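> Please read through the structure below; I'll follow up with questions.
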Number of protein chains: 2
Amino acid sequence: MDKVVKTLREAIQLSGLKDGGRISFHHHLRNGDYVLNMVMEELASMGFKNLSVNASSLFDCHLPLIDHIKNGVVTEIITDYVSGGFGAALSEGVLEKPVQFYTHGGRPAAIINGSTPIDVAFIGAPTADTMGNMTGKIGKSACGSMGYAYADAMYAEKVIAITDNLVPYPLPMPSIDETYVDYVVSVDEIGNPAGIVSGTTKITRDPVGLVMAETAAKAIKASGLLKDGFSFQTGAGGATLAAAQFVKDIMIKENIKGSFGCGGVTGYMVDMLNAGCFESLVDVQCFDLKAVESIRTNPKHVEVSAMRYASPFAKSAAVDSLDVVLLGATEVDVDFNVNVHTDSNGRMMGGSGGHSDTAAGAKMAMIIAPLSRARLPIVTERVFCKSTPGNTVDVLVTQKGVAVNPARPELAAALKDGGIKVVDIQELKKAAEQLCGSPKPLVRGDRVLADIIYRDGTLLDRIYNVK
Amino acid sequence: MDKVVKTLREAIQLSGLKDGGRISFHHHLRNGDYVLNMVMEELASMGFKNLSVNASSLFDCHLPLIDHIKNGVVTEIITDYVSGGFGAALSEGVLEKPVQFYTHGGRPAAIINGSTPIDVAFIGAPTADTMGNMTGKIGKSACGSMGYAYADAMYAEKVIAITDNLVPYPLPMPSIDETYVDYVVSVDEIGNPAGIVSGTTKITRDPVGLVMAETAAKAIKASGLLKDGFSFQTGAGGATLAAAQFVKDIMIKENIKGSFGCGGVTGYMVDMLNAGCFESLVDVQCFDLKAVESIRTNPKHVEVSAMRYASPFAKSAAVDSLDVVLLGATEVDVDFNVNVHTDSNGRMMGGSGGHSDTAAGAKMAMIIAPLSRARLPIVTERVFCKSTPGNTVDVLVTQKGVAVNPARPELAAALKDGGIKVVDIQELKKAAEQLCGSPKPLVRGDRVLADIIYRDGTLLDRIYNVK
């Protein structure tokens, strides 16, 4: 009468998954996730081959997946983001087929329109009832929002919920409801809550970072967008978080009542909500446990699907109403194209996530990046990989000045009026080269390691091996 | 930048609706709804013809629609329920094509699987923001749950939200979100909240009704289902509500902790929630303002889509987990088939609503009906219209005894053990005839007035004209 099956193996058998099948995972448990490895190990031991893995992001905790690639269990990876360790392993070329990089908004769009269909979605659920109603807000492995799992649940042929907190039917207020779920499996642990907080989710203390952050906040003020009704997203990098802090200070000082904060949400955004800077938070993913606590307890902190966050094919998404987004970069070129996929050696160590989605949607997309990192210039002639097209990027903030996209002369004028040092991006490139010299450019090999699929489904760029 | 258009006419023009198009409405404002008439008047004045109207239910307030049928603006009606006045008008035969009666669970299933596609959904929204996020929980015309509008919003080609409470973006906690909405129209009033409460939503004071209600509660107790974890739905009829009250008394007295109450929800179910009889309410539709207040304020009172309530094609729905449902009938025949579509004159005055969905899902589907009404027998040889198939009905409770479906001998035995007077349904038929005599049976004409589409999409019965 209910959907609980005794073992993961039984659920897989019941799902009808076959060799060559397409399976999916969400990444809300981030570097604390146990579900992907657990499932892949079971699939490998059952003898599956040629599987396509569509995971909304992949972290170092998922390195065992590399062995499954080597063994032929997995022959395709579709993802929005890979962590440094995982990306480095992929960059060795273990996968014959190029990695398919989507964006956080493009991924659900592609699932929904059939470009990347899913046979079986494996959904780690911090709490689930016996009929498959699930939430990420409660349970020992609570991750908060489950926004990236909605499309998988709604459009996969079969859906298996994997939980370490099975509760009686009906779970009130599910994020994903029983109408989409086929089987429920109860396991000891779906993840390590400590690992949910991963990556750079602390404000920078680096003086260069703080200079950029303060400049960014002043530029936002000068843009004219920082007024009542202001909406805002910031990534989880140290300098962007510091900039958010400066923005918060201005909002409080000037009594500016914003409308919403958006995105992957950190405790810093929760602080802004609680300080009255926003009417609500629109949360597709919690980056830390303070955000998890907030989404559980504060009705103004609202879980949204990845479609509502950023899908380009939804009738609208939150990013379409965004005023300002603050983003990072591993490289920016003189046409404002941004690379967030590869490091300075051309190795994969990131991905678009919501980068290009928010840049496309926001009235002002602002990149914060130092001129150089580890004696390598960040502002370059041509990015090694185009993650976010320059025509969607408005402003680049560095420690030596702010460049405004020439397509936005009115914005450049406003920033100058606001006392911001606006410079040509070519000057920033020169300054970067003066700091670091002109490094020998990476030489592309012939092998395609990854396709960068833009949010609308078109091929934006490719990542090649480096000679 | 937002989706607000100045007038309904402009929204209709933008929607691309054409003659012969298929439009839809929800009925959460019940007999207080202004939206359907407002839209139809506009469409008529714009010269539209041959429209198909898919309305989850139709009330007497919608009688102007009859004129639009007569004028050829509307040539098809798809609905789950018609009120007495509206049904009587339809029974005059104004519509050439038979009315297509669906069920509350079958309707979204048919929309989703493409049997009844929708070109433009007109969704009355008690509150909406400028991008189309909507809720029924707040606003001067609050109706509570908007469960029946989900499928329309998710699957219609174009969606027009019509609201009398337009709020800034983003509305926190929307029921239906912006990803589905094309246009937003602000109007003075979408309905009369007083009209939301309509039909029989008060406990009966009729002695016969009270006898049946008490018997029903005793039978539920005797069935063995009334224990911790009990789940329960009751219609909004006077006798079924009285039975719910008796069930509540038993639960409180015996300290039974149920799991969930379900359905169209009345204040009586809210009382049961608040008294600790249930862990939560699963609410597809609020029948009164006490339910509206509760769903707004109590997180245990949960809005669900019609799919999650009752869709037969969802991977599961709440009705599949239901222990007991109490239902009414205008006729029950000796094979336990139930008519809730026509009155004793064969005129349309109802519809399945969730009747056949819950009967199919519940472990025990119990009909409460007196032997006779207005000197006409209710228990008959053959129902004039089969709304709910007898093989999904378990028990018939009358004032002269309880009949159990012969397919459930173990249930009959349990009821007898519990002191219930269990009789053969033929005896109830005889008793009804003794009370009323054998009325001349209605003679069917040749004209099909309505098709009764069962929840799985098959044709269950037809309503013919009466000679």
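Just so it is clear, none of the values below were taken in a lab; they were calculated from the coordinates. Every value quoted in this text rests on a predicted model; they were computed, and no experiment measured them. Methodologically, a virtual Cβ is constructed for each residue, glycine included, from the backbone with ideal geometry; neighbour enumeration extends over all protein chains shown.
> As a test, work out the antiparallel percent of DSSP beta bridges whose residues both lie in chain A, rounded to the nearest 5. Show your work: numbers first, answer last.
Values: 20 of 76 bridges.
Looking only at bridges with both residues in chain A, the antiparallel portion is about 25 percent.
> Divide, for the stretch B:157-299, the radius of gyration over alpha carbons by 2.2 N^0.38 Å, where N is the residue count.
Values: Rg = 18.5 Å, N = 143, 2.2 N^0.38 = 14.5 Å.
Rg over 2.2 N^0.38 Å, computed on Cα atoms: 1.28.
> Next question, about the same structure. Is it possible to state the helix-based mean residue ellipticity at 222 nm for the protein assembly as shown, with each DSSP H run of 4+ residues giving -39500 (n - 2.57), the sum divided by total residues, to the nearest 500 deg cm²/dmol? What is it? It would help to have the intermediate numbers written out before the result.
Numbers: 30 runs with 268 residues, N = 934.
Mean residue ellipticity, 222 nm, calculated: -8000 deg cm²/dmol.
> Within the stretch A:330-363, list the residues whose amide N lies under 18 Å from a label point set 7 Å along Cα→Cβ of A:Arg382.
A:331-347
> Can you bin every Cα-Cα distance in chain B into 20 Å intervals starting at zero and give me the percent of pairs per bin, rounded to whole numbers?
Spelled out bin by bin, chain B gives 26, 57, 17, 0 percent.
> Please identify the trypsin sites (Lys or Arg not before Pro) of the stretch A:380-447 that satisfy two criteria: DSSP loop assignment and at most 16 other Cβ atoms within 10 Å. Which are they?
Working: sites: A:Arg382, A:Lys386, A:Lys400, A:Lys416, A:Lys421, A:Lys429, A:Lys430, A:Arg444, A:Arg447; in loops: A:Arg382, A:Lys386, A:Lys400, A:Lys421.
Loop-located and lightly packed - A:Arg382, A:Lys421.
> Compute the separation of the alpha-carbon centres of the stretch A:40-74 and the stretch B:122-165 and state it in Å as a whole number.
Taking the Cα centre of each part, the stretch A:40-74 and the stretch B:122-165 sit 43 Å apart.
> Placing +1 on the Cβ of each Lys and Arg and -1 on the Cβ of each Asp and Glu in the stretch A:207-442, which of A:Cys262, A:Leu411, A:Val397 has its Cα farthest towards the positive end of the resulting dipole?
Sorting the options by dipole projection puts first A:Val397.
> Antiparallel versus total DSSP beta bridges in the stretch A:207-442: what percent is that, nearest 5?
On the way: 10 of 35 bridges.
Around 30 percent of the beta bridges assigned by DSSP in the stretch A:207-442 are antiparallel ones.
> Where in chain A are the helices, taken as whole DSSP H runs, whose Cα atoms extend 20 angstrom or more along the long axis and whose Kyte-Doolittle mean reaches at least 0.5?
A:207-223, A:238-253
> Okay, moving on. Using the Cα centre as the reference, give the magnitude of the dipole from point charges on the C-beta atoms of chain A (Lys, Arg: +1; Asp, Glu: -1; all else neutral), rounded to the nearest 20 debye.
On the way: 44 positive and 51 negative charges, 216 e Å.
Computed about the Cα centre, the dipole is about 1040 debye.
> How large is the charge dipole for the stretch A:4-195, taken about the Cα centre, if only the Cβ atoms of Lys, Arg (+1) and Asp, Glu (-1) carry charge, to the nearest 20 debye? Before the final figure, lay out the partial values.
Details: 12 positive and 21 negative charges, 32 e Å.
Charge dipole, the stretch A:4-195, about its Cα centre: 160 debye, nearest 20.
> A further question follows. Rounded to two decimal places and with Rh computed the Kirkwood way over Cα pairs, what is Rg over Rh for the stretch A:207-442? Let's see the in-between values first.
Details: Rg = 17.0 Å, Rh = 17.7 Å.
That ratio is 0.96, to two decimals.
> B:Leu14 label point, 7 Å along Cα→Cβ, cut-off 19 Å on backbone N: hits in the stretch B:171-186?
Only B:171, B:176-186 pass the distance filter.
> What number, in percent, do you get for the relative contact order of chain A if the mean sequence gap of Cα pairs under 8 Å and at least 6 apart is divided by its residue count?
Value for chain A: 15 percent.
> Over the stretch A:4-195, what is the relative contact order in percent, taking alpha-carbon pairs closer than 8 angstrom and at least six residues apart? Spell out each step's value before the answer.
Working: 441 pairs, mean separation 48.4, N = 192.
Reported relative contact order: 25 percent.
> Could you size up the charge dipole of the protein assembly as shown around its Cα centre, putting +1 on the beta carbon of Lys and Arg and -1 on that of Asp and Glu, and report it in debye to the nearest 20?
Working: 88 positive and 102 negative charges, 59 e Å.
My answer is approximately 280 debye.
> For A:Lys421, place a label point 7 Å out from Cα along the Cα→Cβ vector, do the same in each other copy, and report the separations in nm, one decimal, smallest first.
A:Lys421 label point versus its equivalents elsewhere: 9.7 nm.
> Could I ask something else about it? In the protein assembly as shown, what percentage of the DSSP-assigned beta bridges are antiparallel, given to the nearest 5? Before the final figure, lay out each step's value.
Values: 40 of 152 bridges.
Among the beta bridges of the protein assembly as shown, antiparallel pairing accounts for roughly 25 percent.
> Could you tell me which of the pairs A:Lys137/B:Lys248; B:Lys315/B:Lys363; B:Lys221/B:Lys363; B:Lys137/B:Lys202 are separated by over 21 angstrom between their Cα atoms in the structure shown?
Values: A:Lys137/B:Lys248 32 Å; B:Lys315/B:Lys363 18 Å; B:Lys221/B:Lys363 14 Å; B:Lys137/B:Lys202 23 Å.
Pairs exceeding 21 Å: A:Lys137/B:Lys248; B:Lys137/B:Lys202.
> Separate question: Would the stretch A:1-70 count as rounded, prolate or oblate if I go by the C-alpha gyration tensor, calling it rounded below 1.5 in a/c and otherwise prolate when a/b exceeds b/c, oblate otherwise?
Working: a/c = 1.89, a/b = 1.28, b/c = 1.48.
Oblate shape, in that a/c is at least 1.5 and b/c is the bigger or equal ratio.
> How far is A:Glu10 from itself in the other copies, in nm, if each label sits 7 Å out from Cα along the Cα-Cβ line, shortest first?
Once sorted, the set of distances for A:Glu10 reads 5.9 nm.
> Find the Rg to Rh ratio for the stretch A:4-195, where Rh is the Kirkwood radius over alpha-carbon pairs and Rg uses the same atoms. Mind dumping the intermediate values first?
Values: Rg = 15.2 Å, Rh = 16.2 Å.
When Rh is taken as the Kirkwood radius, the ratio is 0.93.
> Give me the Debye-computed log₁₀ of I(q)/I(0) at q = 0.06, 0.07, 0.08 Å⁻¹ for the protein assembly as shown, equal point scatterers on Cα only, no solvent, two decimals.
One equal scatterer on each Cα of the protein assembly as shown leads to -0.46, -0.62, -0.78.
> Taking a spot 7 Å from the Cα of B:Asp188 along the direction of its beta carbon, which residues of the stretch B:1-32 have an amide N less than 17 Å from it?
B:7-9
> Describe numerically, in nm with one decimal, the distance between label points set 7 Å from Cα along Cα→Cβ at B:Asp228 and at B:Lys140.
Label-label distance for B:Asp228 and B:Lys140, simple model: 4.9 nm.
> Using Cα-Cα distances under 8 Å and only pairs 6 or more residues apart, what relative contact order does the stretch B:172-282 have, in percent?
On the way: 130 pairs, mean separation 26.5, N = 111.
Relative CO of the stretch B:172-282 lands at 24 percent.
> Say a label goes 7 Å from Cα toward Cβ at A:Cys436 in every copy; what distances in nm does this one have to the rest, shortest first?
Distances to the matching label points in the other copies: 8.9 nm.
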